[in-house]
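All remarks here apply to the structure that follows.
Just so you know, all these numbers are worked out from the coordinates, no wet-lab data involved. Being a predicted model, the structure only gives us computed values, none of them experimental. All Cβ positions, even for glycine, are placed from backbone atoms using ideal geometry, and neighbour counts span all protein chains on display.
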Amino acid sequence: MTRSVPEWIGKTDDSMPSDACKRRILARQGWVCAVSSVEFRDGVKAEFDHITPLWLGGENRESNLQAVTAKVHAAKTKTEATVRAKVNRNQIKRILGKKKSSGFSDRYRKKMNGEVIDTRTGEVVSR
């Protein structure tokens with residue numbers, strides 16, 4: 001079946017879909033959340049989310065958008081941010097061969113009693 005209306009494609013990654021496009025997405029899903037199946041009606045507002053995130057190569061187009069509830073959208077965005085941070089950390093390790101600094105020197109160790117010990121010599125540096 002061919003489309004009677006051309007698919008909406010955003011000019012940039014920040015372009016928002018038109019109201020007509022949003023209605024087509026909602027109709028395609030049967031007016032329910034794509035993830036939780038909650039029906040969109042009075043008091044339940046639809047938010048539009050990329051199925052494949054832009055940072056993973058997804059496109060800003062109608063076929064890559066889904067209508068979800070605010071709660072689902074927040075949870076999905078949080079999960080994607082966690083994954084993206086891990087991907088970025090691993091990329092730094094692979095490409096640069098670096099570990100992210102923990103902020104503490106390996107030369108000194110603080111004991112439970114408050115003493116700071118030089119790990120190379122074993123001498124107490126401060127109390």
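Helix 70-96 versus the longest principal axis of the chain: what angle, 0 to 90°, nearest 10, using Cα atoms? Approximately 50 degrees, to the nearest ten. Against the empirical curve 2.2 N^0.38 Å, the C-alpha radius of gyration of the stretch 1-100 lands at a ratio of 1.31.
Would you compute, from DSSP H runs of 4+ residues alone, the mean residue ellipticity of the chain at 222 nm, taking -39500 (n - 2.57) per run and dividing by the full residue count, rounded to the nearest 500? Don't skip to the answer; put the middle values down first.
Numbers: 2 runs with 37 residues, N = 127.
Helix-only estimate at 222 nm: -10000 deg cm²/dmol.
Summarising the amide proton neighbourhood of W8: residues at separation of 5 or more, or on other chains, whose placed amide H is nearer than 5 Å comprise E62. Highest-first packing order for the peptide set 30-40, 63-73 is 63-73, 30-40, based on the mean count of other beta carbon atoms within 10 Å.
Here is the link list: K45/K78; K71/K93; K86/K111. Which ones come out longer than 28 Å on Cα distance? List each step's numbers first, then the result.
Values: K45/K78 19 Å; K71/K93 34 Å; K86/K111 31 Å.
Table pairs above 28 Å Cα-Cα are K71/K93; K86/K111.
Could you tally the net charge around D14, taking each other residue with its Cβ under 15 Å from the Cβ of D14, Lys/Arg +1 and Asp/Glu -1? Local net charge: -1. Taking a sphere under 12 Å around the Cβ of V125 and counting the other residues whose Cβ falls inside, with K and R at +1 and D and E at -1, yields a net charge of +3.
Quick one: net charge around A81, please, counting Lys, Arg +1 and Asp, Glu -1 for every other residue with C-beta under 15 Å from its C-beta. Mind showing how you got there, number by number?
On the way: positive: K76, K78, R84, K86, R89; negative: D49, E80.
Summing Lys and Arg as +1 and Asp and Glu as -1 gives +3.
Rounded to the nearest 20 debye, the dipole size of the stretch 10-127 about its Cα centre is 620 debye, using +1 on the Cβ of Lys and Arg and -1 on the Cβ of Asp and Glu.
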